[in-house]
Amino acid sequence: MHFSTVDYVIFVLLLVASAGIGLYYAFSGGRQRTTQEFLLADRSMSCLPVSLSLLATFQSAVAILGAPSEIYTHGTQYWFLGCSYFLGLLIPAHIFIPVFYRLHLSSTYQYLELRFSKSVRICGTVTFIFQMIRYFHAFPLVNVYLNLFVITVTGFDLWGAVLAMGLVCTLYTALGGLKAVIWTDVFQTIVMFAGQLAVIIVGTHQAGGIAEVWKKAQNGSRISGLDLNPDPLERHTFWTLGVGGVFLMLALYGVNQAQVQRYLSSRTEKVAIMSCYAVFPCQQIVLTMGCLMGLVMYARYGEESPLDKGYVKSNDQMVLYFVMDVLQDLPGLPGLFVACLFSGALSTISSAFNSLATVTMEDLIKPHVAPMTEARATLLSKMLALGYGLVCLAMAYIASLMGSVLQAALSIFGMVGGPLLGLFCLGMFFPWANSTGALVGLVSGLVMAFWIGIGSFLSRMSASALPVMNTTITPDVGNMTTALMTTLITSKPRPSGVQALYSLSYMWYSAHNSATVVVVGLLVSFLTGPSKEKDLNPGTIYPVLGNLLFFLPQRYREKLCCVTPLDDKSKVMDCQPYLMTRKESNGVAYTEEEGEQKTTQPTCNLAHTVQETAL
């Protein structure tokens with residue numbers, strides 16, 4: 001099983017096309033001469049490219065490999081994750097997008113300064129940078145998952161492929177800005193769909209048709225029913241996937257800078273909302289394709305997996321082995337699937353580069369340096385994107401030397417999405433939360449996240465190191481006695497105390513950590529003196545509590561939720577001049593034209609516009 005000339009050509013075309021898109025937008029239009037164009041695509045993007053870019057941002061090579069492997073090993077229970085997509089995308093569309101878009105922000109963390117203070121903004125920015133560094137290990141993960149495949153199957157030089165991918169990704173991100181990133185995401189999403197679809201169609205045909213695939217999966221107990229077990233320690237149930245998954249989706253599609261930046265690049269708020277809606281069917285298609293690929297794998301191998309036979313060393317490599325096994329007699333299709341995998345990696349990493357350059361520029365440099373010209377600010381933004389790309393390559397090289405321990409440590413940083421979600425929810429939904437409560441809540445959420453993450457990792461390590469008793473040497477004293485002893489040896493008691501916390505399903509991490517931030521933040525806010533309505537910018541509050549507490553008299557709802565009455569327009573605060581004042585005081589340079597544009601924006605008070613986005 002080796003690559004043909006056609007396979008190599010298809011793979012090279014992926015890299016050339018991606019680089020070409022970046023060069024096109026680097027030398028066309030405004031030529032990326034302003035930070036507005038480089039970081040936000042001049043706020044001119046339409047619905048289709050934004051929605052496909054939102055989909056591609058976190059549809060990495062790891063996800064393409066992981067979903068089929070999960071289905072092959074554990075069955076279709078994972079498909080119920082799709083139930084979380086509805087609320088996980090509906091809430092961002094009608095709460096987070098209106099708040100961020102009407103504030104006319106460049107960085108999500110500018111909101112934290114408007115709502116709380118500069119210190120909260122800096123802490124949120126630094127936390128996000130750590131979170132996105134987690135995605136930098138997409139290169140090492142591709143290293144691990146493709147190691148067997150790239151060297152022994154395709155004949156590629158591993159580091160040659162990784163270096164080529166890294167340089168191409170850095171090139172089009174640093175030169176073409178967000179517009180190039182979005183349009184390459186569109187191209188790479190199409191490649192991802194084509195690669196997965198090719199494997200499913202060919203594999204199903206070779207297995208005897210979809211009916212035969214389904215029959216073998218049923219006979220092998222791979223078609224899972226609805227598991228309503230409420231135990232949060234169970235790895236996958238309807239509740240962990242359908243409810244816990246909502247908080248995971250909110251952390252990704254509600255407050256993550258990489259996604260919010262795409263919303264803000266839309267030409268209007270309505271386009272941003274429609275882009276979020278369009279992600280829903282696309283996510284369902286991606287999830288279904290992953291499940292189908294896993295079922296086709298099971299129909300081909302059954303219980304005699306390539307992993308058990310020693311052909312591969314991990315479940316994820318088994319997916320790659322399956323692809324080459326199915327497509328080996330069809331020149332071009334193996335190359336298409338490799339292009340599919342690398343497209344997933346490129347889209348994820350380029351999004352990380354661009355979002356990190358944005359928050360570094362807007363949150364860490366502009367507020368703390370002397371005013372700079374637009375040309376200098378744009379050049380610095382490009383250098384930041386280039387710098388993050390080089391750092392990513394360096395980390396990939398170090399991880400390849402140090403092995404999986406570093407990769408496991410880096411993956412812990414992915415858990416900080418929950419605390420960041422909690423921080424934004426604390427600010428938007430609880431008007432009495434203050435800056436002190438936000439800081440203490442964020443720190444508490446991060447401590448909880450690291451505690452659970454590291455404890456769970458060490459617990460699994462110690463469990464795998466324990467010697468396992470061989471039940472085959474049990475004295476033959478009767479079938480009943482042997483069965484009883486085997487049950488006692490192999491059954492595991494339900495964890496209790498701290499061990500129960502370490503055994504929490506990973507799907508609940510985001511919900512648990514965000515709840516920690518909100519609860520601790522509210523307690524500290526009440527102890528240190530809650531915020532008053534006159535001290536708040538109305539554009540930063542979404543009056544969800546006022547709507548939930550509809551049964552209370554109006555005056556109590558106003559006092560409790562700090563919401564300006566809908567009919568009292570004298571209290572409306574225009575948040576755009578307020579935002580400009582806060583930014584200008586931090587030394588950010590604005591041209592006269594930009595200032596006029598910003599001050600002409602309509603008021604951002606969501607208490608007066610909430611009905612516009614109601615379902």
For this session: Say whether the condition of being open to solvent by 40 Å² or more (accessible area, probe 1.4 Å) and either more than 22 Å from Cys340 (Cβ to Cβ) or among the charged types (D, E, K, R) (or both) is met by at least one residue in the range 48-56.
Result: no
Exercise. What residue, among those in the range 302-323 that are in contact (Cβ under 8 Å) with a residue 24 or more places away in the chain and among the hydroxyl-bearing types (Ser, Thr, Tyr), is nearest to Gly335 (Cα to Cα)?
Worked result: Tyr321
Problem set entry | Cβ-Cβ under 8 Å pairs, at least 6 apart or on other chains, the range 173-189 side farther than 12 Å from Ser381 by Cβ and assigned to a helix (DSSP H, G or I), far side open to solvent by less than 10 Å² (accessible area, probe 1.4 Å) and of a type in the set (D, E, K, R) | Ile182/Arg262
Problem set entry | Residue check, Ser69 modelled with pLDDT of 80 or more, of a type outside the set (D, E, K, R) and more than 29 Å from Pro367 (Cβ to Cβ) | yes
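Any idea which of Leu386, Leu379, Leu390, Leu410 is touching a His at 6+ places or on another chain (Cβ under 6 Å), surrounded by fewer than 23 Cβ atoms within 10 Å (Cβ to Cβ) and at pLDDT below 90? Spell out how you get there, then give the answer.
On the way: Leu386 fails: touching a His at 6+ places or on another chain (Cβ under 6 Å); Leu379 fails: touching a His at 6+ places or on another chain (Cβ under 6 Å); Leu390 fails: touching a His at 6+ places or on another chain (Cβ under 6 Å).
On inspection, the qualifying residue turns out to be Leu410.
Do we have Ser107 as touching a residue at least 60 places away in the same chain (Cβ under 8 Å) and either assigned to a helix (DSSP H, G or I) or in contact with a strand residue (DSSP E or B) (Cβ under 9 Å, 6 or more places away or on another chain) (or both) here?
Values: touching a residue at least 60 places away in the same chain (Cβ under 8 Å): yes; either assigned to a helix (DSSP H, G or I) or in contact with a strand residue (DSSP E or B) (Cβ under 9 Å, 6 or more places away or on another chain) (or both): no.
Spelling it out, it is not the case that Ser107 is touching a residue at least 60 places away in the same chain (Cβ under 8 Å) and either assigned to a helix (DSSP H, G or I) or in contact with a strand residue (DSSP E or B) (Cβ under 9 Å, 6 or more places away or on another chain) (or both).
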Exercise. So which residues in the range 60-89 are under 17 Å from the mean Cα position of the chain (by Cα) and either without any contact (Cβ under 8 Å) to a residue 60 or more places away in the chain or not in a helix (DSSP H, G or I) (or both)?
Worked result: Ser60
Exercise. Based on what the data block shows, is Ile64 at pLDDT 90 or above and buried (at least 21 other Cβ atoms within 10 Å of the Cβ)?
Worked result: no
For this session: Please state which of the following conditions Asp157 fails to meet, knowing it meets all the rest: (1) at pLDDT below 90; (2) under 17 Å from the mean Cα position of the chain (by Cα); (3) open to solvent by 10 Å² or more (accessible area, probe 1.4 Å).
Result: (2)
Exercise. If we scan the range 260-268, do we find a residue that is open to solvent by 10 Å² or more (accessible area, probe 1.4 Å) and touching a Lys or Arg at 6+ places or on another chain (Cβ under 7 Å)?
Worked result: yes
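Of all residues in the range 220-243, which are within 21 Å of Met289 (Cα to Cα) and either open to solvent by 20 Å² or more (accessible area, probe 1.4 Å) or in a helix (DSSP H, G or I) (or both)?
Answer for the range 220-243, where residues must be within 21 Å of Met289 (Cα to Cα) and either open to solvent by 20 Å² or more (accessible area, probe 1.4 Å) or in a helix (DSSP H, G or I) (or both): Ser221, Arg222, Ile223, Ser224, Gly225, Leu226, His236, Phe238, Leu241, Gly242.
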For this session: Give just the number: which of (1) open to solvent by less than 10 Å² (accessible area, probe 1.4 Å); (2) polar (S, T, N, Q); (3) free of Cβ contacts under 8 Å to residues at least 24 places away in the same chain does Gln32 not satisfy?
Result: (3)
For this session: Run down Val246, Val323, Val279, Val296 and say which single residue is in a helix (DSSP H, G or I), β-branched (Val, Ile, Thr), within 15 Å of Trp79 (Cβ to Cβ) and open to solvent by less than 50 Å² (accessible area, probe 1.4 Å).
Result: Val296
For this session: State yes or no: is Leu13 under 27 Å from Val168 (Cα atoms), open to solvent by 20 Å² or more (accessible area, probe 1.4 Å), part of a helix (DSSP H, G or I) and out of contact with any Cys (no Cβ under 8 Å at 6 or more places or on another chain)?
Result: yes
Problem set entry | Search result, residues across the range 18-29 that are open to solvent by 30 Å² or more (accessible area, probe 1.4 Å) and in a helix (DSSP H, G or I) | Gly20, Ile21, Leu23, Tyr24, Tyr25
Exercise. Across the range 362-374, what is the number of residues that are surrounded by fewer than 24 Cβ atoms within 10 Å (Cβ to Cβ) and either part of a helix (DSSP H, G or I) or touching a strand residue (DSSP E or B) at 6+ places or on another chain (Cβ under 6 Å) (or both)?
Worked result: 6
For this session: Return a yes/no flag: does the range 190-212 have any residue that is charged (D, E, K, R), in contact (Cβ under 8 Å) with a residue 24 or more places away in the chain and under 14 Å from Thr57 (Cα atoms).
Result: no
Seminar exercise, completed: The correct count of residues that are farther than 15 Å from Phe58 by Cβ and in contact (Cβ under 8 Å) with a residue 12 or more places away in the chain in the range 258-274 is 9
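Test of understanding: among Phe96, Phe86, which residue is modelled with pLDDT of 90 or more and buried (at least 24 other Cβ atoms within 10 Å of the Cβ)?
On the way: Phe86 fails: buried (at least 24 other Cβ atoms within 10 Å of the Cβ).
Criteria check complete, one pass: Phe96.
The values are calculated or read from the model by the stated rules, or taken from the named source; none is laboratory data. Nothing here was measured: the structure is a model prediction, and the numbers come from that model. Counting neighbours? That spans all protein chains shown, and the Cβs are built from the backbone with ideal geometry, glycine included. Just so you know, the surface numbers come from the protein's heavy atoms only, side chains and all, with ligands and any DNA or RNA stripped out. Shrake-Rupley method; radii C 1.70, N 1.55, O 1.52, S 1.80 Å.
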